[in-house]
Amino acid sequence: MVNDSEKIFLTEQEAKTAVEIDFQQYGPQPRLFRELSPLILGNSAVVLDHGKHAGVWIKQGRKNKLKQLRDQELGNQLCRTLQTTAYPLAILAEICTLTFQVRACPGPDLRDSPQGIWIESDMGNFHCRQCGDCCRNLAVQNGCTEQDYHRWQRLGLTHILERVRVLGANGNPTGYRIWVEPGGTRLSPVCPWLKEIPGENRCTCLIQDVKPEICTQYPFTRKHASMTGCRGRF
Ligand code: SF4
Ligand code: SF4
């Protein structure tokens, strides 16, 4: 993933994974699933908008017998098909536009990698109210990346490193957990870097300049903000 201020470049696989994460993160999204079905499932999907049979029906078997899928089943079917099908990039961009509710278009990366999808983050006018809700409520424990960990190592930030649990054995990390109690493996109930500013009704992050990428990128889009209860202004 490459960040170009308000635009993010995703490879084809990263774009598919991001769509899948959106589905998992927010649960069934019936209207979105209906809009995506013709794009992802092609002719095997029949979308009925009105009447008692409204919903998405899938053609099955040699006789193309129709079966209606419930929202959850449909979400799973969309994910499976998305991951196993090669789409023209223009279609994948349209899938991203509908899913993330932002502009997305195909194009080359600024470096030498193949074509992918450029996503506009639509966060240019976002104003964080520093309420701290995201720090209290979002599950960031699996969000620490290898790059985060190496950055903290390079900068010698031992007070942060001691709150990271490295998974894996024999010097081969397989993942990271944040934030654990120092010297232990138990996760802290609240992020230890969140500090309320007395009398100001706002919070600050004690590691603001070096916080993990997952925190820097929140909220990723306007949809992300609204689906996760962010109180920021646009
Ligand atoms: S590290 Fe900072 S931004 Fe991230 S959850 Fe903690 S207080 Fe919030
Ligand atoms: S929930 Fe939104 S407004 Fe509140 S601190 Fe997080 S990003 Fe800022």
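The values are calculated or read from the model by the stated rules, or taken from the named source; none is laboratory data. Note that this is a predicted model, so its numbers are computed, not measured. Virtual Cβ from ideal backbone geometry, glycine too; neighbours counted across all protein chains shown.
Observations
- Selection from the stretch 100-137 of residues that are in contact with a Ser or Thr (Cβ under 6 Å, 6 or more places away or on another chain) and of a type in the set (F, W, Y): F100
- Scan of the stretch 107-133 for residues that are within 19 Å of the chain's Cα centre (by Cα), within 21 Å of A86 (Cα to Cα) and not aromatic (F, W, Y), ordered by number: G116, I117, I119
- Sole residue being away from ligand 1 (no atom under 12 Å from the Cβ) and of a type in the set (A, V, I, L, M), chosen from L206, L155: L155
- Candidate set: the stretch 120-142, residues that are surrounded by 14 or more Cβ atoms within 10 Å (Cβ to Cβ) and at pLDDT below 90; chosen: the one nearest to ligand 1 (Cβ to nearest atom): V140
- Here the strands (runs of 3 or more DSSP E) wholly within the stretch 101-185 that include at least 2 residues being under 30 Å from S226 (Cα atoms) and of a type outside the set (S, T, N, Q) are 104-108, 115-120, 172-178.
- Residue that is surrounded by the most Cβ atoms within 10 Å (Cβ to Cβ), among those in the stretch 171-228 that are of a type in the set (S, T, Y), over 15 Å from G143 (Cα atoms) and within 16 Å of ligand 2 (Cβ to nearest atom): T221
- Residue count for the stretch 175-232, restricted to those that are in contact (Cβ under 8 Å) with a residue 24 or more places away in the chain and of a type in the set (G, A, S): 5
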